[in-house]
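The values are calculated or read from the model by the stated rules, or taken from the named source; none is laboratory data. In this text, all values refer to a predicted model and were calculated from it rather than measured experimentally. Using ideal geometry, Cβ is built from the backbone for each residue, glycine included, and neighbour counts are taken over all protein chains shown.
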Amino acid sequence: MKKTSRRKFVHTAIKATVISSVGSSMIIDACAAKPIQNNPALQPGVLSFAQVKLPYEYAALEPNIDAMTMDIHYNRHHAAYVKNVNDAIADEKISFSSENEFFTNISKLSAKARNNGGGAYNHNLFWQVMKPNGGGVPSGKIGEALTGSFGSFDKFKEQFTSVAMSRFGSGWAWLVKANGKLMIGSTPNQDNPLMDLSELKGTPLLALDVWEHAYYLKYQNKRNEYVANWWNVVNWDEVARLLSL
C-alpha cells in the first residue's frame, strides 16, 4: 500500500471509530464550560478534577497540530483521564481538597489515581499553553527569565527540544519554576513535577505532551517534526502569567 493511501486509510478508520463510539453529545459536553465526566459519588469539599474548556477550535492550531488529533486527544484521551480519576477518588474515598494536596501525596495512592490524575492535570495545562498564531521569541519578564536561566532563548529552546526528544516512550517535557529558578526536565507516562515521587519538582510553566497519540496521525513516528512545529503554537502570554503567580 502506498504511503498516501495508508495515511488516508488510517485517518478514515479512526474518524469512523470516533464518530460511532463518541457520538455528537459527547463532543458537545466536552467543549462545555462546566465540569464534565464528574462522578456523582464525590463528596462536597473533596477534590474533583474537571476538563477545561478548549480555548480554541479543533482546527485552530493547524497546520502544526491537526483538527482530528485535537478532537480525539481532547474528547477521548483527556475526557477519559478526568472520568477515571474522579472514579478513583470516589471508589478509594480519597479526601484531599486540592490538586496540590493530591499530587504531594500521590505516592500513597493507587496507580489508577496517579495515572489518571496526572493525565487530567497535564492536559488541562497543555491546552492552555498553546494558542493559534503563537510561538516566536517571548519578550518581557518571561523572555528575560529564559535568557537569565539558559543564556538565550535559542539555548533554552535547544535544551527543551533535546529533553522532549530523549524521553523514551511516553511522557512529558516541562519548564518549571522551583526555588526562584527555571529548570527543564521530563517525566514518564502521566507523571508531573507536582508529584512527590517525581525526580523533577517545581511549578509547571510549560508542558509538551510527547505521547504518540499527541502526534501520530499527522507525524507518524517523526516526533522531531512534531516538536519543531509545536514551537509555533506556544502561548507565551500564558507561560508569563504562570511565571508571575
**Report entry** Any hit, the stretch 55-77, residues being buried (at least 18 other Cβ atoms within 10 Å of the Cβ), modelled with pLDDT of 95 or more and under 19 Å from P204 (Cα atoms)
**Finding:** no
Requested in this report: Confirm whether L194 is at negative phi and at pLDDT below 95.
Outcome: no
Report task. Evaluate the stretch 215-236: report whether one residue or more is in a strand (DSSP E or B) and not aromatic (F, W, Y). Result -> yes
Report task. Collect the residues in the stretch 201-222 that are in contact (Cβ under 8 Å) with a residue 12 or more places away in the chain and among the basic types (K, R), keeping them in residue-number order. Result -> K201, K218
Report task. Would you list the helices (runs of 4 or more DSSP H) that sit entirely within the stretch 55-170 and hold 3 or more residues that are in contact with a helix residue (DSSP H, G or I) (Cβ under 6 Å, 6 or more places away or on another chain)? Result -> 67-72, 79-91, 111-128, 140-150, 153-166
Query raised in the report: How many residues are in contact with a Phe, Trp or Tyr (Cβ under 8 Å, 6 or more places away or on another chain) and more than 29 Å from S110 (Cα to Cα) if we restrict to the stretch 162-198?
Result: 1
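Those residues that are buried (at least 17 other Cβ atoms within 10 Å of the Cβ) and either more than 18 Å from W231 (Cβ to Cβ) or more than 17 Å from the chain's Cα centre (by Cα) (or both), I need them from the stretch 186-210; list them, please.
Passing the criteria: T187, Q190, D191, N192, P193, L194, M195, S198, L200, K201, G202.
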Query raised in the report: Among the candidates L182, L146, L175, L217, which residue alone is aliphatic (A, V, I, L, M), modelled with pLDDT of 95 or more and within 30 Å of S48 (Cβ to Cβ)?
Result: L175
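Filter the stretch 85-136 for residues that are of a type in the set (S, T, Y), farther than 30 Å from P63 by Cβ and either touching a Gly at 6+ places or on another chain (Cβ under 9 Å) or in contact (Cβ under 8 Å) with a residue 24 or more places away in the chain (or both) and give the result.
Those that are of a type in the set (S, T, Y), farther than 30 Å from P63 by Cβ and either touching a Gly at 6+ places or on another chain (Cβ under 9 Å) or in contact (Cβ under 8 Å) with a residue 24 or more places away in the chain (or both): S95, S97, S98, T104, S107.
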Report summary line: Taking the stretch 214-245 and keeping residues among the charged types (D, E, K, R) and under 18 Å from V176 (Cα atoms) leaves D237, E238, R241
Query raised in the report: Is there a residue being in the same structural domain as Y216 (by TED's automatic domain parsing) and under 28 Å from K222 (Cα atoms) anywhere in the stretch 141-151?
Result: yes
